[in-house]
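Colleague: Mind having a look at this structure? Questions to follow.
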Amino acid sequence: MSDKLKLSDLNSILKDLDVESLEGVTIEGDIELDIQGGGGMNPAMAYALGHEAAQISLHVANIARMLGYPVDQLFAQCLGAGGETAALQAEPAIEELLQAKFDVARSSEWNTPIQEVTLGATSADGGSRGHTITLGGEKAMPFYFDAEMPNRNYVTMDVFDMPISMAKSVKSNYEDVMGDPAEWAKKVVNEYNADMVTIHLISTDPLINDTPAKEAAKVVEDVLQAVDVPIVIGGSGNPQKDPEVLEKAAEVAEGERALLASASLNLDYERVAKAATDYGHAVLSWTQLEINAQKELNRKLMKQCNVPRDSIVMDPTTAALGYGLDYAYSNMERIRLSALMGDDELNFPMSSGTTNAWGARESWMKESPLKEDSDWGPREYRGPIWEIVTGLALALAGNDMFMMMHPTSVQVLKEITQTLYGNIEAKNPDITNWITAEV
Amino acid sequence: MKINSPLDAYKYLPGTNCGRCGEDTCMAFASHLIDRSKSGEDCLPMVEEDKYAKKLEELEKLLAPEIREVTIGTGEKSVTIGGDDVLFRHKLTFFNKTAYAYDVTDTMDEKELEERINTIQTFKKFYVGEFLNLDMVAVRCVSGKPDTFASTVKKVIGLTELPLVLCSFDPAVLKAALEVAADKKPLMYAANQENWKEVAGLAKEYEVPVTLFAPNDLDLLKSMAKTFAELGIEDLVLDPGTFPTGRELKTTFENFLKIRRAGIDGDGEIAYPIMAVPLTAWMAYDDDVSASYWETVVASVLTVKYGDIMIMHSIEPYALLPEMHLRDTIYTDPRKPVTVDPGVWEVGSPTADSPIIVTTNFALTYYTVESDISSNKIDCYIVVADTEGIGVEAAVAGGQLTADKIKKTLENAKFDLKEKTNYNTVILPGLSARLQGDVEDKVGSRVLIGSADSGRLPGWLEKNWPPQDK
């Protein structure tokens with residue numbers, strides 16, 4: 001045996017010795033241990049060395065035991081333990097947690113706040129709304145710690161100017177007001193806590209009732225009478241008829257600072273923009289899941305139609321959960337990131353037609369049309385959560401305003417977005433021992 | 001990863017353009033390394049020849065994702081979590097979808113245990129050509145007894161191949177369970193400020209991944225991660241605590257953002273997968289539907305931003321379906337093409353009497369229609385028009401789905417309706433009814449208007465097919 005051994009060498013020599021091979025073993029002289037490292041040893045090294053040393057003591061003790069020496073008694077005496085071979089277990093040599101300080105930088109790339117857009121006008125500003133709502137103003141991605149979010153999310157609930165077909169679980173909430181837009185508007189504001197109301201003038205579609213624009217405008221007046229929240233005015237989606245419908249509606253709502261829905265590249269957006277600027281409204285700039293089209297339309301509204309920056313809200317299109325939400329989500333996220341980094345053609349608040357979630361079959365069908373699927377469970381619960389999760393994902397992508405339908409969806413979406421905004425106080429359960437919670 | 005251009009990776013490759021990786025050039029291979037569709041080991045010369053060994057090692061270090069990958073379980077059902085390189089999915093893609101675990105406890109009676117596990121492991125939902133599934137079972141020790149827990153874990157192993165999370169803060173309980181389950185490589189939950197020494201010992205002894213739990217204390221969490229790494233334990237999962245409501249939930253959300261941003265920005269000491277426990281929603285709500293809804297909401301927030309694994313309680317379909325779909329939404333590779341090839345495709349074994357159904361080449365639309373039909377064992381032809389990946393309603397509005405497009409699709413596929421079918425009739429989607437006259441004129445066939453949702457096609461066909469008069 002050499003005079004000097006590294007600890008690990010000794011260990012590897014000893015570990016090969018088993019009981020049989022111990023016969024005739026002699027251990028001569030002192031074993032000199034050369035422990036390298038000294039004072040500057042790091043905890044991992046200390047642990048490794050401690051482990052080696054413990055292993056060696058184990059081997060040496062075994063040898064001693066084979067030689068008939070009362071090893072265990074000796075350990076018990078030395079360690080004050082009752083016969084347990086505590087010293088032989090390889091305990092971590094790190095006795096205290098290594099100190100560490102968590103730190104993360106705030107984003108330096110987000111240097112441009114989102115344009116603020118105020119909807120609704122009170123009597124002080126020539127309108128008759130009870131209050132106004134301001135969208136936008138963010139200096140960071142939604143709910144992030146980089147910068148406080150100045151305005152919360154808002155929900156505008158859909159009201160239609162005629163009875164329409166809708167999912168059963170939605171319809172059951174509106175059967176008593178269907179066909180009476182004013183009562184419908186009152187219901188969503190008073191009972192369902194809507195921040196705003198969207199009046200959709202769908203009966204104006206030539207393929208539906210072809211209601212004249214002038215007549216449809218009366219419905220807008222009725223709604224403005226019935227509720228004092230800011231409103232959104234929507235056409236039927238017919239590109240030929242909508243400009244005229246929105247013009248007339250804008251005229252009767254003069255001074256109320258409504259949001260006109262919408263200007264798009266496939267209709268006469270100049271007329272819609274002019275209706276907004278002439279009568280003091282904001283305009284919804286709607287494109288279909290295409291960031292460059294959104295830039296183009298916004299540019300045209302600003303440069304060609306002279307719509308002020310504080311009067312543009314974007315709808316980059318909402319696809320339902322399971323039906324293209326991945327595109328809608330990333331489209332919005334990219335738009336918002338570009339805006340925060342200074343793209344002034346995308347620097348506007350966003351709106352989502354969250355109601356589109358009700359087009360997903362999972363939200364309304366009684367059961368799966370596929371035999372291979374597991375049972376889908378009751379649709380009464382499936383529908384609202386489909387609308388919630390669709391909206392919530394987009395809230396996290398940067399969406400500011402949600403157009404929604406189901407009262408439960410509205411309530412839960414408002415609860416979670418305002419929680420993340422920091423508006424909700426709640427007493428939390430003690431989660432330190434959640435494992436044993438009775439649920 | 002530490003490099004971001006193919007040139008940076010190319011420097012480490014043999015540069016012989018041998019083609020054994022399936023690419024023509026080393027440069028092409030390098031670009032696949034950067035987009036992570038290939039890995040260093042796909043370069044066979046580097047694996048086989050000693051002279052490249054050092055370069056391969058260096059290259060793999062550079063290519064390793066910023067967030068460590070951790071594998072839980074063994075065999076086919078094992079799950080890998082972590083592995084991300086970006087903070088926003090459109091910048092590359094997110095890797096390794098969030099693993100969803102649902103809980104059982106060691107105080108459940110045998111029947112309940114069996115039923116829950118059965119639901120967890122058999123729940124499935126067809127989506128775009130494949131099934132969405134759930135991933136794991138989390139076994140909670142409520143009894144506080146090592147033997148009871150170990151025997152439940154043993155039962156669970158007998159019932160499912162799904163990977164497990166073993167949940168207790170008592171090292172004796174964890175040890176008892178590891179004695180029966182360690183070879184299945186379960187995830188231990190969890191080390192905390194009190195028990196970390198013993199749990200570290202168990203992680204080393206049994207060689208299993210382990211979760212570190214430091215509710216709302218990122219300094220402590222980092223300190224534990226650093227300590228465990230020093231001890232040689234690097235299969236770590238971080239749980240910064242999931243507070244279910246109020247300002248603390250906002251803080252929880254921010255903690256997830258902070259940990260992931262620090263990790264992606266290069267703080268290796270905290271670059272591990274993150275665990276969320278939306279199950280805590282059940283501690284804040286009394287009635288089942290509210291608790292289940294809120295749990296889904298919390299799970300949704302933390303699936304989008306940046307939970308890699310989570311433990312939940314509700315196994316109601318109205319919780320599972322949106323959770324699975326949202327996860328798919330976030331983890332779908334945005335680089336993946338959204339279209340299928342246009343043409344005339346057969347479903348089942350169509351004959352001259354089978355229906356001809358028109359749809360678009362948007363992958364989601366196509367797979368939905370295809371699965372609605374094949375699931376009901378209907379033989380037919382699907383005419384897939386090239387709408388540039390746009391769905392029916394939008395393609396009709398935007399002019400991508402027209403009579404000309406449908407005519408062209410049939411011509412390109414050399415599919416002569418009069419020759420190959422007995423009825424000379426095509427079925428248009430309900431949402432494209434306005435094309436009816438135009439298609440009749442251009443294609444020269446009869447046109448029927450099908451249901452608006454293809455889920456209702458089987459019922460529609462029963463009533464409307466074959467067409468009344470030939």
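The values are calculated or read from the model by the stated rules, or taken from the named source; none is laboratory data. Because the structure is a prediction, the values reported are computed rather than measured. Every residue, glycine as well, gets a Cβ built from its backbone with ideal geometry; the counts of neighbours run over all protein chains shown. Just so you know, the surface numbers come from the protein's heavy atoms only, side chains and all, with ligands and any DNA or RNA stripped out. Shrake-Rupley method; radii C 1.70, N 1.55, O 1.52, S 1.80 Å.
Colleague: In this model, which of A:LYS187/A:LYS414; B:LYS405/B:LYS442; B:LYS377/B:LYS442; B:LYS377/B:LYS414 are farther than 20 Å apart at the alpha-carbon?
Modeller: B:LYS377/B:LYS442; B:LYS377/B:LYS414, as the Cα separations exceed 20 Å there.
Colleague: Enumerate the amide H contacts of B:THR339 below 5 Å, restricted to partners 5 or more residues apart or on another chain; note that Pro and chain-start residues carry no placed amide H.
Modeller: Amide H to amide H, under 5 Å and 5 or more residues apart or across chains, B:THR339 pairs with B:ALA363.
Colleague: Once you sort the root eigenvalues of the Cα gyration tensor of the protein assembly as shown as a ≥ b ≥ c, which label holds: rounded (a/c under 1.5), prolate (a/b larger than b/c) or oblate (the other case)?
Modeller: Details: a/c = 2.14, a/b = 1.80, b/c = 1.19.
Taking the square roots of the gyration eigenvalues as a ≥ b ≥ c, the protein assembly as shown is prolate.
Colleague: May I pose another question? Alpha carbon centre of segment B:62-131 versus segment A:331-408: separation in Å?
Modeller: Cα centroid to Cα centroid, the span is 23 Å.
Colleague: Can you tell me the orientation of helix B:246-264 relative to chain B, as the angle in degrees between its alpha-carbon axis and the longest Cα principal axis, to the nearest 10?
Modeller: Long axis of B:246-264 versus the principal axis of chain B: about 90 degrees.
Colleague: Could you state the number of Å between the C-alpha centres of segment B:233-310 and segment B:341-356?
Modeller: Centre-to-centre distance over Cα atoms comes out at 47 Å.
Colleague: Let me ask something additional. How much of A:MET404 can a 1.4 Å solvent probe reach, expressed as accessible area in Å² and rounded to 10?
Modeller: Looks like 0 Å² after rounding.
Colleague: Just counting partner chain Cβ atoms within 10 Å, what average do the residues of peptide B:320-333 show around their Cβ?
Modeller: Numbers: counts 3, 13, 15, 2, 1, 10, 9, 0, 4, 14, 6, 1, 5, 1.
Taking the mean over all residues of the peptide, I get 6.
Colleague: Taking 8 Å as the Cα distance limit and 6 or more residues as the minimum spacing, I'd like the relative contact order of segment A:216-256 as a percentage.
Modeller: 57 percent
Colleague: Same structure again: From the residues B:TYR331, A:ALA121, A:LEU301, which one has its Cα farthest along the dipole of the protein assembly as shown in the positive direction, the dipole being from +1 and -1 charges on Cβ of Lys/Arg and Asp/Glu about the Cα centre?
Modeller: About the Cα centre, the residue reaching furthest to the positive side is A:LEU301.
Colleague: Shifting gears a bit: By the gyration tensor of its Cα atoms, with a ≥ b ≥ c the square roots of the eigenvalues, what is the shape of segment B:259-370: rounded for a/c under 1.5, prolate for a/b over b/c, or oblate?
Modeller: Numbers: a/c = 4.45, a/b = 1.72, b/c = 2.59.
Since a/c reaches 1.5 but b/c is at least a/b, the shape of segment B:259-370 is classed as oblate.
Colleague: Hey, another quick one. Let me check against my output: what whole-number percent is the relative contact order of chain B, with C-alpha pairs under 8 Å and at least 6 apart?
Modeller: 11 percent
Colleague: Same structure again: Using the charge dipole of the protein assembly as shown (Lys, Arg: +1 at Cβ; Asp, Glu: -1 at Cβ; taken about the Cα centre), state which of B:VAL165, A:GLN288, B:LEU202 has its Cα farthest towards the positive end.
Modeller: A:GLN288
Colleague: Which residues' amide hydrogens lie under 5 Å from the amide hydrogen of A:VAL283, considering only partners 5 or more residues apart or on another chain, with H built in the peptide plane?
Modeller: A:LEU260, A:ILE312, A:VAL313
Colleague: Taking amide hydrogens as modeled 1.01 Å from N in the peptide plane, which residues meet the under 5 Å criterion relative to A:HIS200, leaving out close sequence neighbours?
Modeller: Sorted by chain and number, the residues that satisfy this are A:VAL159, A:PHE160, A:ASP161, A:GLY234.
Colleague: Let me ask something else about it. With θ set to phi - 60°, apply the Karplus curve 6.51 cos²θ - 1.76 cosθ + 1.60 along segment A:390-401 and write out the HN-Hα couplings as whole Hz, x wherever there is a Gly or Pro.
Modeller: Once rounded to whole Hz, the list reads 4, x, 4, 4, 6, 4, 6, 8, x, 6, 9, 10.
Colleague: I've got another one for you. Against the longest principal axis of chain B, how steep is helix B:110-122, in degrees 0 to 90 to the nearest 10, with axes from Cα atoms?
Modeller: With both axes taken from Cα atoms, the answer is about 50 degrees.
Colleague: With contacts defined as alpha carbon pairs under 8 Å and 6 or more residues apart, what's the relative contact order of segment B:251-327 in percent?
Modeller: Values: 85 pairs, mean separation 25.6, N = 77.
Once divided by the residue count of segment B:251-327, the mean separation gives 33 percent.
Colleague: How big is the A-B contact in terms of buried accessible area, both chains counted, 1.4 Å probe, rounded to the nearest 100 Å²?
Modeller: Chain pair A/B: roughly 8100 Å² of buried accessible area.
Colleague: In Å², what does the accessible area per residue of segment A:140-185 work out to with a 1.4 Å probe? Mind showing how you got there, number by number?
Modeller: Details: 1690 Å² over 46 residues.
Ligands and nucleic acids excluded, the result is 37 Å² per residue.
Colleague: Taking θ = phi - 60°, what integer Hz values does the Karplus form 6.51 cos²θ - 1.76 cosθ + 1.60 yield along segment B:429-444, in sequence order, with x for Gly and Pro?
Modeller: x, x, 7, 10, 3, 5, 7, 3, x, 4, 5, 4, 5, 6, 8, x
Colleague: Per-residue mean of other chain beta-carbon atoms within 10 angstrom of the beta-carbon, peptide B:244-252? Write down the numbers at each step before the final one.
Modeller: Details: counts 6, 9, 8, 7, 6, 7, 9, 2, 3.
Mean partner-chain Cβ count within 10 Å for B:244-252: 6.
Colleague: Next question. In peptide A:359-370, what is the residue-averaged number of other protein chain Cβ atoms found within 10 Å of each Cβ?
Modeller: So the per-residue partner count for this stretch is 5.
Colleague: What is the magnitude of the charge dipole of the protein assembly as shown about its Cα centre, with +1 placed on the Cβ of each Lys and Arg, -1 on the Cβ of each Asp and Glu, and no other charges, expressed in debye to the nearest 20?
Modeller: It comes to approximately 2060 debye.
Colleague: If one takes the longest principal axis of the Cα atoms in chain B, at what angle in degrees, from 0 to 90 and to the nearest 10, does the Cα axis of helix B:196-206 lie?
Modeller: Compared with the principal axis, the helix lies near 60 degrees.
Colleague: I need the peptides B:59-66, B:198-205 ranked by packing, meaning the mean over residues of other C-beta atoms within 10 angstrom, with the highest value on top.
Modeller: B:198-205, B:59-66
Colleague: Taking the Cα centre as origin and putting +1 on Lys and Arg beta-carbons and -1 on Asp and Glu beta-carbons, what dipole magnitude results for segment A:117-421, to the nearest 20 debye?
Modeller: So the dipole magnitude of segment A:117-421 works out to roughly 280 debye.
Colleague: Continuing with the same structure: Rounded to the nearest 20 Debye, what is the dipole magnitude of chain B about its Cα centre when Lys and Arg each give +1 and Asp and Glu each give -1 at the C-beta?
Modeller: That gives a dipole near 840 debye.
Colleague: Mind checking which of B:ALA225, B:GLY266, A:VAL272 is farthest towards the positive end of the protein assembly as shown's charge dipole, using Cβ charges of +1 (Lys, Arg) and -1 (Asp, Glu) about the Cα centre?
Modeller: After comparing all options, I get A:VAL272.
Colleague: Kindly identify segment B:70-331 as rounded, prolate or oblate by the Cα gyration tensor criterion: order the square roots of the eigenvalues as a ≥ b ≥ c, call it rounded if a/c is under 1.5, otherwise compare a/b with b/c, prolate if a/b is larger, else oblate.
Modeller: Values: a/c = 1.36, a/b = 1.02, b/c = 1.33.
Note, shape of segment B:70-331 comes out rounded.
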